[in-house]
1. Just one of (1) under 17 Å from the mean Cα position of the chain (by Cα); (2) surrounded by fewer than 16 Cβ atoms within 10 Å (Cβ to Cβ) trips up Leu40, so point out which.
2. With the structure loaded, tell me whether Lys33 is part of a helix (DSSP H, G or I) and more than 11 Å from the chain's Cα centre (by Cα) or whether it fails that test.
3. Can Ser89 be described as under 11 Å from the mean Cα position of the chain (by Cα) and not charged (D, E, K, R)?
4. Considering only segment 58-99, state which residues are in contact with a Cys (Cβ under 9 Å, 6 or more places away or on another chain) and without any contact (Cβ under 8 Å) to a residue 24 or more places away in the chain.
5. Can you find, within segment 14-30, the residue that is surrounded by the most Cβ atoms within 10 Å (Cβ to Cβ) among those that are of a type outside the set (A, V, I, L, M, F, W, C) and either in a strand (DSSP E or B) or touching a Lys or Arg at 6+ places or on another chain (Cβ under 9 Å) (or both)?
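Quick note: the coordinates plus some simple rules give every number you see, no bench work behind them. Computed from a prediction, not measured in an experiment: that's the story for all the values here. Here the Cβ positions follow ideal geometry from the backbone for every residue, glycine too, while neighbour counts run over all protein chains shown.
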Amino acid sequence: MPAPTLRKDEIYYLRLYVAEDTPQSAVAFRNLKNLCQKHLAGRYQLEVIDLSKHPERAKADQIMVVPTLVRRMPAPIRKFIGTLSDVASVLIDLTLRPDVAAACAAGKAEQNV
């Protein structure tokens, strides 16, 4: 399967669901901010939703656990559960680094993502 074509002007709409100040939520937020600053500078909108304060918001994206990242756009909607510490996997799943995806598919791990 060919790597997706990325448009440099494409805006990513992201929602990060967290629960108060839990360590996992803090790590996920920090990892996501770093990833966005490095790979999506000027091309993302991030909404952080604290489900301990707004539990009704979980229904919209069918959130069962936190932290969970939801990529609303570009389509299709994608969900990522956990602290987002595996940067290469997140980049691949967000389709930000098709070169990393190709290397992983070929059995080669890229260290400098």
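1. Condition not satisfied by Leu40: (2).
2. Spelling it out, it is not the case that Lys33 is part of a helix (DSSP H, G or I) and more than 11 Å from the chain's Cα centre (by Cα).
3. Details: under 11 Å from the mean Cα position of the chain (by Cα): yes; not charged (D, E, K, R): yes.
Considered against the rule, which asks whether it is under 11 Å from the mean Cα position of the chain (by Cα) and not charged (D, E, K, R), Ser89 comes out as yes.
4. First, the residues of segment 58-99 that are in contact with a Cys (Cβ under 9 Å, 6 or more places away or on another chain): 88-89, 92.
Hits for segment 58-99 are Ser89, Ile92.
5. This residue is Tyr17.
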